[in-house]
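Note sheet for the following structure.
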Amino acid sequence: MNELKKGIAILGATGSIGTQALSVIQDALHLFSVKLLSGHNNADLLIQQTNQFKPIYVIVTEQNAFKKVFQAISDPKIKVLYGEENLLQVLEDNEIEVVLNALVGFAGLNPLIHSIKHKKQNLLANKESLVIAGEFIIPFAKENKSTIIPIDSEHSAIFQCLLGEDNNAIEKIILTASGGPFLDYNQEQLKYIQAENALKHPIWKMGKKVSVDSASLMNKGLEVIEARWLFDLKPSQIDVIIHPQSIIHSLVQFTDGSLKAQLSPADMRLPIQYALYYPERKNNSLSQFSLIDNPELTFRQADRKKFRNLALAFIAMEKGGNMPAILNAANEVAVQSFLNGNWPFYRIPELVEEMMNIQNFISKADLEIYYETTKKCFADSEAYIRKNT
Ligand code: NDP
Ligand code: MG
């Protein structure tokens, strides 16, 4: 019986996507066996998840949390290990077939590359890895016959719209954006935003970084670049539209003018479930969308002037090379500093643009360059913040 189960690793198990993934898997324990869980700071939750799912490996990447988890888990069949190096090593275990990557930021990149190298099936929520290194990752995955199924709701929508279309040419894709909590703020109001305002998303309940990114529209910018690599598109084939109700998760327009869209209530458990069971669809107890109860689906142009991050992401995508890695690294530092109270929300695009201007642009980049660029841009962004506050 056991051999019929797919061994799965959940990277970032303690986060928003990680916990929702485990709740979906909880109803599918006849099909999946959790072999690995990883967490960073949240030792208590990781201990609880470990006791519930009994994986072979538990990886903790923060030292104090590691000590706490290590002491709390006494089951000799469970190995509790510290750090990324151990994470990469145990990912190689043949019992792990599927890797769900719900890490946040640059931390997701190494595990994704390692998982591809070892021919795992990847269910990918971590968008930053594709933003930094998508140009390398997608051909690398093809070479290794390692699949990548997106979890990000927009990309899951596009993935679903493209099924059955084989080689039919795409005119363009349209990524929908809720617009976040500050959609109708003016420039002046944007100056007074505190972390707690940015963390209150009107539709989605998410981790802190992606919540701030959604509020600044950088999330949509990152998703534009993510889509470019996942679906092999030219920059001119990607558009963004504001759709505050977040029911249409994205659309594909074909060359005959036909538009296909995927609609559902805003609940990440659906794209997670879709990725887990792909190509099958499974019944579930999630709420179903009613067109009659929600007759108003509205759309408007995204304001790239007010939300400059979105314009910067399009510029970075068009430039290519290591520019998206610069955009991403500067944004990671800006968001963290904003959350720590050291950088105002409205100056996030200023820092990103400054780094795009001063960092060394390399049009033909490789993996090593993406890493170097990211590390240098982290350091320079931190220095810029120290100097300009
Ligand atoms: P969270 O912040 O909620 O979770 C992140 C996870 O990564 C946690 O398990 C956290 O551990 C762990 N982590 C944090 N820092 C590190 C690090 N330096 N090294 C290793 N592990 C680390 O994020 P989300 O779940 O919201 O998002 C995860 C990814 O999915 C992001 O790329 C996001 O953009 C994407 N995504 C998220 C959506 C959502 O609805 N949340 C929707 C679509 C995409 P701990 O909590 O223990 O500290
Ligand atoms: Mg998304």
Exercise. Pick from region 25-84 the residues that are out of contact with any Phe, Trp or Tyr (no Cβ under 9 Å at 6 or more places or on another chain), more than 19 Å from GLY108 (Cβ to Cβ) and of a type in the set (D, E, K, R): which of them is surrounded by the fewest Cβ atoms within 10 Å (Cβ to Cβ)?
Worked result: LYS77
Exercise. If we keep just the residues of region 166-184 that are in contact (Cβ under 8 Å) with a residue 40 or more places away in the chain and outside any strand (DSSP E or B), which is farthest from GLU223 (Cα to Cα)?
Worked result: ASN168
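Count, please, the residues in region 204-219 that happen to be outside any helix (DSSP H, G or I), surrounded by fewer than 24 Cβ atoms within 10 Å (Cβ to Cβ) and either modelled with pLDDT of 95 or more or within 11 Å of ligand 2 (Cβ to nearest atom) (or both). Give the derivation first.
Residues of region 204-219 outside any helix (DSSP H, G or I): 204-207, 217.
After this cut, where a residue has to be surrounded by fewer than 24 Cβ atoms within 10 Å (Cβ to Cβ) as well, the list is 204-207.
From what is left, the residues that are either modelled with pLDDT of 95 or more or within 11 Å of ligand 2 (Cβ to nearest atom) (or both) are 204, 206-207.
Summing the residues that are outside any helix (DSSP H, G or I), surrounded by fewer than 24 Cβ atoms within 10 Å (Cβ to Cβ) and either modelled with pLDDT of 95 or more or within 11 Å of ligand 2 (Cβ to nearest atom) (or both) in region 204-219 gives 3.
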Problem set entry | Residues of region 16-61 classified as assigned to a loop (DSSP other than H, G, I, E, B), within 13 Å of ligand 1 (Cβ to nearest atom) and out of contact with any strand residue (DSSP E or B) (no Cβ under 8 Å at 6 or more places or on another chain), total | 2
Exercise. Can you name the number of the only condition in (1) hydroxyl-bearing (Ser, Thr, Tyr); (2) on the phi > 0 side of the Ramachandran plot; (3) touching a His at 6+ places or on another chain (Cβ under 7 Å) that SER246 fails?
Worked result: (3)
For this session: Exactly one condition in (1) more than 16 Å from ligand 1 (Cβ to nearest atom); (2) surrounded by fewer than 16 Cβ atoms within 10 Å (Cβ to Cβ) is not met by ASN340; state its number.
Result: (1)
Exercise. How do the pairs read when you match residues in region 299-321 that are aliphatic (A, V, I, L, M) with residues anywhere that are part of a strand (DSSP E or B), using Cβ under 8 Å and keeping only pairs 6 or more apart or on different chains?
Worked result: ALA302/ALA177; ALA302/VAL240; ALA302/ILE241; ALA302/ILE242; LEU310/VAL240; MET317/ILE238
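Confirm whether PRO235 is in contact with an Asp or Glu (Cβ under 8 Å, 6 or more places away or on another chain), closer than 22 Å to ARG300 by Cα and at pLDDT 95 or above. Can you show your working first?
Working: in contact with an Asp or Glu (Cβ under 8 Å, 6 or more places away or on another chain): yes; closer than 22 Å to ARG300 by Cα: yes; at pLDDT 95 or above: yes.
So PRO235 fits the description; yes.
The values are calculated or read from the model by the stated rules, or taken from the named source; none is laboratory data. All values reported here derive from a predicted model rather than from experimental measurement. Cβ: placed from backbone, ideal geometry, glycine included. Neighbour counts: every protein chain shown.
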